[in-house]
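The values are calculated or read from the model by the stated rules, or taken from the named source; none is laboratory data. Bear in mind that the values here come from a model prediction, so they are computed numbers and not experimental data. Ideal geometry is used to build each Cβ from the backbone, glycine not excepted, and the neighbour counts take in all protein chains shown. Ligands, DNA and RNA are excluded from the accessible area calculation, which covers all protein heavy atoms including side chains. Shrake-Rupley method; radii C 1.70, N 1.55, O 1.52, S 1.80 Å.
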Amino acid sequence: MADFPPPASGLKLDHVEIDLETRRLVTLDRLVPPGEVLTVMGDSGSGKSSLLDFVAGFLAPAFRARGRIWLDGVEITSLPPQERKVGLMFQAPLLFPHMSVGENLLFGLDRSKDQDRGQRRTLAEDALRDVGLAGFFDRDPATLSGGQQTRVALMRLLLAEPGALLLDEPFSSLDQTRRADLRNLVFSKAREKGLPILLVTHDPDDAEAAGGAMVRL
Amino acid sequence: MTRQPALLQRALPTAVILLLIAGPVCLGLAGTLLPAFGYLPALGGSVLSLDPFRAVLSEPGIGLSLALSLGTGLAATAISLAIVALFTAAWFETRVFKAMTRFLSPLLSVPHAAAAIGLAFVIAPSGLIVRLLSPWATGFDRPPDLLIIHDPLGLTMTAGLIAKEVPFLFLMTLAALPQTEARRHLRIAANLGYGRMAGFFKVALPQIYPQIRLPVLAVLAYSTSVVDVARILGPTTPAPLAPRIIDWMADADPALRLQASAGAVLQLLLSVGAILIWRFGEILCSRIARSGRSSGRRYSRDAAMRQMAAVPVGLLIAAMVAALAALALWSLTAGWWFPQAFPTALTLRHWAGLFPGGSHLVGDTLLIALPAAVVAIALIVWQLELWTRTGPRRRHAAFRNLMFLPLLVPQISFLFGLQVLFLVAGWDGTYVAVALTHLVFVLPYVFLALSDPWDHLDPRLAKVAATLGASQNRILWSIRLPMLLRPLMVAAAIGFAVSIGQYLPTLMIGAGRIATITTESVALASGGSRSVAAVYAMLQLMLPLLGFVLASVVPAIAFRHRLALRLQR
């Protein structure tokens with residue numbers, strides 16, 4: 001049974017069960033408090049990605065899921081992906097290739113605020129400076145290194161002001177040294193903004209660096 | 001969970017597209033069938049009878065006409081397929097293959113009529129080849145009295161069809177290859193010691209053929225019922241069935257209209273018969289192939305055979321290049337007496353002669369082709385986007401097969417009835433009617449061109465955009481469509497080229513009131529000035545070419561600062 005009242009902050013996975021045909025892939029009942037990381041480890045095919053798809057709202061109809069998801073006291077289980085406010089990072093940075101670095105950031109920046117063009121651009125440039133990419137606004141994303149692209153992808157996500165982060169092995173495409181840098185960057189940003197993180201990985205280093213609770217699928 | 005659109009909204013684009021494709025074909029067939037049995041109240045026929053069929057079958061030389069249609073169609077299809085299969089077997093994944101791909105792709109956009117006119121200029125007794133050899137080798141100082149064009153067996157017509165169908169089947173094969181495991185299986189076969197060609201025929205072709213079968217049958221249906229190529233290159237005494245039907249239709253005698261519709265039904269039966277014969281051939285070939293597959297013979301030394309497999313494709317490309325050169329020369333020639341290999345003087349007179357008379361032909365051509373291409377793109381994007389939003393693409397395969405419907409039914413068999421229906425509705429000879437009829441043929445090609453690139457777009461990009469709060473419509477307009485700019489432009493250019501190439505739909509639904517550069521060039525090719533015919537044939541080439549140039553230039557400019565998109569093909 002669900003806990004009532006639901007926690008007023010953090011990401012609550014409330015008796016989540018995901019099945020593919022007759023196979024149970026995921027059973028999870030956890031609260032991820034703000035600024036903390038829940039690491040989910042498992043081999044490929046273990047349902048790690050289905051869990052993220054379920055939380056983000058992309059679960060394919062072939063899967064059957066039960067349970068509820070609460071974010072900061074609001075149930076998001078049946079909201080469309082656009083309204084869930086959970087930011088998703090994949091293995092690849094997935095910057096939109098037809099937009100400049102700055103346009104990618106502006107795509108993430110919420111439009112409903114009354115900001116004029118100049119203010120929006122300033123916010124995007126500040127975000128770039130924040131991750132050591134000052135002056136990259138007009139660059140073509142394809143000319144950036146993998147680590148730089150991942151940093152842009154992170155800032156694009158944060159500018160959309162999510163309430164939680166879902167990370168799908170976001171560091172696996174990077175080499176060892178960059179991986180540690182970026183991991184620290186992502187975790188410190190999330191902590192700074194008080195975002196709960198759901199991290200899916202098969203890399204034990206990721207799990208160790210995350211420092212939070214860990215479950216195995 | 002993604003919100004599912006309401007059922008009506010979900011089914012609407014599919015319904016509209018299928019209505020636009022199957023509607024004209026089915027209604028048209030019905031409109032052909034009734035008059036074929038003597039029922040056409042507008043012309044006073046209200047009693048069902050077999051008289052129209054009797055009239056067709058008592059036409060002089062009708063047996064020969066039927067045999068010509070069947071024979072040239074089957075031969076053109078079988079030879080085209082053999083050329084493509086042998087060439088792919090011999091040269092797949094080589095530099096030669098890549099080079100040929102680059103040559104064959106643009107040939108696809110050359111309309112049938114223009115290709116046929118150009119070929120006629122090359123191989124006619126007074127054509128480029130004889131001129132180049134005369135008088136030093138042949139001794140001719142006047143064109144020899146040989147029946148090369150319009151030869152009674154239809155050999156030239158068959159060659160003309162092959163020249164156009166090889167590029168089509170080749171590109172269909174190219175599109176089918178990545179959808180199979182052929183590439184890896186060929187490596188396994190090579191590793192087991194099989195020669196390139198043996199490996200292809202034993203391992204890859206059985207996987208590829210089912211994928212290209214509908215295009216092959218479309219080629220067969222087209223070749224057995226072609227009108228424009230038959231008029232330009234085909235026999236005349238008697239002509240194959242399809243052009244004879246057009247003659248009966250154009251006759252002032254109303255009884256001949258009933259006979260024409262009976263002819264159109266007969267044409268349908270003939271094309272279905274050709275497909276049945278083809279099916280029988282398929283069974284026979286697969287029997288033979290099956291025993292060959294387990295023989296264990298490697299045929300590992302196939303160098304000579306591979307060289308030979310390149311010959312037909314090389315010849316074909318040479319012939320088409322010569323044909324285009326001949327068209328260009330004839331459109332510019334001021335005087336070109338036999339046996340000179342080159343015009344004595346060049347002039348722009350024939351081109352200038354386009355104005356003002358011919359400019360409305362160009363205008364009408366564009367007025368039909370542009371809306372047809374734009375509407376087709378909009379409808380297909382609507383359909384593909386809906387599939388993307390509703391998730392799994394169950395209906396995709398069935399939808400794709402239905403797209404081939406208008407390509408598998410002989411055009412003449414349903415256009416005849418459609419013409420009657422438009423006449424009854426008072427729409428005959430209007431731009432809308434002609435454009436709607438073109439759309440029947442434009443939609444399938446636009447779908448074929450766009451669905452693969454659409455499906456190959458990384459779905460994670462849309463997921464990222466959605467989690468950033470972008471609505472479905474915003475994802476469509478600012479992610480999917482801009483990223484697909486190049487395939488969208490190419491699909492539009494293909495649709496535009498398909499519309500421009502339409503001869504029979506324009507001729508029949510235009511009802512003589514709407515003419516395009518294609519109907520005009522076919523009319524001029526039989527009789528009339530060679531140079532003026534060449535000008536219109538050149539226009540038929542240049543307008544689609546312009547479309548393809550735009551399709552490569554616009555994305556190149558739009559993405560000039562976007563490396564990832566500039567490098568994509």
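Looking at region B:514-569, what helices (runs of 4 or more DSSP H) fall wholly within it and have at least 1 residues that are within 14 Å of chain A (Cβ to nearest Cβ)? Show your work before the answer.
Values: elements: B:517-525, B:530-558, B:563-567.
By residue number, B:530-558, B:563-567.
Which helices (runs of 4 or more DSSP H) does region A:59-163 wholly contain that include 1 or more residues that are more than 9 Å from chain B (Cβ to nearest Cβ) and of a type in the set (Ser, Thr, Tyr)?
On the way: elements: A:101-108, A:117-130, A:146-159.
The qualifying helices (runs of 4 or more DSSP H) are A:117-130, A:146-159.
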Item to check | Residues being outside any loop (DSSP other than H, G, I, E, B) and either at positive phi or under 22 Å from the mean Cα position of the chain (by Cα) (or both) - total across region B:20-41 | outcome: 9
Checklist entry - With B:ARG460, B:ARG486 as the choices, which residue is in contact (Cβ under 8 Å) with a residue 40 or more places away in the chain, in a helix (DSSP H, G or I) and either under 30 Å from B:GLY391 (Cβ atoms) or within 14 Å of another protein chain (Cβ to nearest Cβ) (or both)? => result B:ARG486
Item to check | Test: residue in region A:203-213 that is closer than 21 Å to A:ILE69 by Cβ and open to solvent by less than 40 Å² (accessible area, probe 1.4 Å) | outcome: yes
Checklist entry - Out of region B:463-483, which residues are among the β-branched types (Val, Ile, Thr) and either within 7 Å of chain A (Cβ to nearest Cβ) or not in a helix (DSSP H, G or I) (or both)? => result B:VAL464, B:THR467, B:ILE479
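On the given criteria, is A:GLU75 farther than 21 Å from B:ARG480 by Cα, open to solvent by 20 Å² or more (accessible area, probe 1.4 Å) and under 20 Å from the mean Cα position of the chain (by Cα)?
Criteria met by A:GLU75.
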Item to check | Cross-chain or 6+ apart pairs with Cβ under 6 Å, region A:137-151 first and β-branched (Val, Ile, Thr), then crowded, with 17+ Cβ neighbours inside 10 Å | outcome: A:THR150/A:PRO93; A:THR150/A:LEU182
Checklist outcome for this item: Of the residues in region B:427-448, those that are open to solvent by 10 Å² or more (accessible area, probe 1.4 Å) and closer than 14 Å to B:PHE404 by Cβ come to B:TYR445, B:LEU448
Checklist entry - Picking from A:GLU36, A:GLU17, which residue would you name as being open to solvent by 30 Å² or more (accessible area, probe 1.4 Å), touching a strand residue (DSSP E or B) at 6+ places or on another chain (Cβ under 6 Å), acidic (Asp, Glu) and modelled with pLDDT of 90 or more? => result A:GLU17
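So which of B:GLY296, B:GLY292, B:GLY263 is of a type outside the set (D, E, K, R), in a loop (DSSP other than H, G, I, E, B) and more than 24 Å from B:LEU214 (Cβ to Cβ)?
Values: B:GLY292 fails: in a loop (DSSP other than H, G, I, E, B); B:GLY263 fails: in a loop (DSSP other than H, G, I, E, B).
From the options B:GLY296, B:GLY292, B:GLY263, the qualifying one is B:GLY296.
To keep it simple, each residue is scored yes or no on (1) under 31 Å from the mean Cα position of the chain (by Cα); (2) more than 29 Å from B:LEU546 (Cα to Cα); (3) among the aliphatic types (A, V, I, L, M).
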| site | (1), (2), (3) |
| --- | --- |
| B:ALA304 | no, yes, yes |
| B:GLY358 | yes, no, no |
| B:ALA372 | yes, no, yes |
| B:TRP387 | yes, yes, no |
Checklist entry - Can you spot a residue in region B:169-183 that is farther than 30 Å from B:LEU407 by Cβ and either outside any helix (DSSP H, G or I) or open to solvent by 20 Å² or more (accessible area, probe 1.4 Å) (or both)? => result no
